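Worksheet for the structure shown next.
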Amino acid sequence: MSSKLIAPSVLAADFANLQRDIEMINQSEADWFHIDIMDGVFVPNISFGMPVLDAISKHAKKTVDVHLMIVDPDRYISTFAKLGSDILTVHYEACTHLHRTLQAIKAEGMKAGVALNPHTNINVLEDTIQDIDMVCLMSVNPGFGGQSFIENTYNKVKQLKALIERKGASTLIEIDGGVTDKNATQLTEAGADVLVAGSYVFKSEDPILTVKNLKAQVNP
Ligand code: DX5
Ligand code: ZN
């Protein structure tokens, strides 16, 4: 079985000490950097934009996983490629022509991800799952870090895993929002491949140790 990945969410980092926090993740056993881009329209919050991602990419030595919570993401696909994104995830709810968007992301040399809000059923991906490198299941309503985990996510992971297997796809399942040591094992056992963790990692006393323990917990 392939190993389960940990992706700390930089949204929970100390922005006044961003380089320090990026280096900390570089040194940890984390697998990816998860980067949340919010536009204040698709979600009720604005995080940070291109200049900050540019600065992060210059220091990040691991896969850069960019989660776009913006309307009409097609406008910025090539920009995010140039800024060093390895995986670009768009929201199903923000794309009128999802199939076209996925092809455009791949044409820029990135892996293509699709995020689903907590209210969005898995079955909307029935006809695109084979074109999707990763599905990001939102386990909170997107917009803010530090929210509590929505328990229905376990059912969605199982449904999504079944869809992926039924279609013979190789899509990864990422979980985003409220991930801690309390839900991590149940999520990976249900089929999750990548766990995003923001506050749980960055607000802990020793983030390097927290990542190490979380990674060991889900890779017994
Ligand atoms: C929420 C973001 C998440 C967030 C997770 O809209 O997409 O990536 O940073 O933060 P925690 O782990 O604190 O819920
Ligand atoms: Zn995210």
Using a 1.4 Å probe over the heavy atoms of the protein chains, calculate the carbon and sulfur portion of the accessible area of the chain as a whole percent.
50
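Based on Cβ point charges of +1 for Lys and Arg and -1 for Asp and Glu, what charge dipole magnitude is obtained for the range 51-172 about its Cα centre, in debye rounded to the nearest 20? Kindly include the intermediate steps, with their values, before the conclusion.
Working: 13 positive and 13 negative charges, 62 e Å.
Taking the Cα centre of the range 51-172 as origin, the dipole is about 300 debye.
Ignoring ligands, DNA and RNA, how do M24, M50 rank by accessible area with a 1.4 Å probe, largest first?
Values: M24 40, M50 65 Å².
Highest to lowest solvent-accessible surface, that is M50, M24.
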Most fluctuating residue given options K158, K82, K61, as computed from a GNM of the chain linking Cα atoms under 10 Å:
K82
Which of the GluC sites (Glu not before Pro) found in the range 166-220 are loop residues per DSSP with 14 or fewer other Cβ atoms within 10 Å of their Cβ?
E205
Where the centre of each part is set by its Cα atoms, how far does the range 123-155 sit from the range 43-89, in angstrom?
19
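Checking the a/c ratio against 1.5 first, then a/b against b/c, what shape does the Cα gyration tensor give for the range 5-218?
Values: a/c = 1.57, a/b = 1.13, b/c = 1.40.
Oblate shape, in that a/c is at least 1.5 and b/c is the bigger or equal ratio.
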Would you mind checking which residues have amide H under 5 Å from V114's amide H? H placed 1.01 Å from N; only 5 or more apart, or other chain.
V90, M134, V135, C136
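Leaving ligands and nucleic acids out of the surface, order C136, C95 by accessible area at 1.4 Å, largest first.
Values: C136 0, C95 20 Å².
Accessible-area ranking of C136, C95, largest first: C95, C136.
Counting only DSSP beta bridges with both residues in the chain, tell me the antiparallel percent, nearest 5. Could you put the intermediate results ahead of the total?
Numbers: 1 of 32 bridges.
DSSP beta bridges in the chain are roughly 5 percent antiparallel.
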GNM top mover of V124, V157, V179 - the chain, alpha-carbon springs below 10 Å
V124
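Is there a pair in K161/K182; K58/K111; K61/K111; K82/K111; K58/K182 whose C-alpha atoms are over 25 Å apart, and which pairs would that be?
Numbers: K161/K182 21 Å; K58/K111 20 Å; K61/K111 17 Å; K82/K111 14 Å; K58/K182 33 Å.
As for pairs spanning more than 25 Å Cα to Cα, those are K58/K182.
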Relative contact order in percent for the range 5-218 (Cα pairs under 8 Å, 6+ apart) equals 21
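The values are calculated or read from the model by the stated rules, or taken from the named source; none is laboratory data. All of these numbers come straight from a predicted model, not from anything done at the bench. As a convention, Cβ positions derive from the backbone with ideal geometry for all residues, glycine included, and neighbour counts pool all protein chains shown. Heads up: the accessible areas ignore ligands, DNA and RNA and are worked out on the full protein's heavy atoms, side chains in. Shrake-Rupley method; radii C 1.70, N 1.55, O 1.52, S 1.80 Å.
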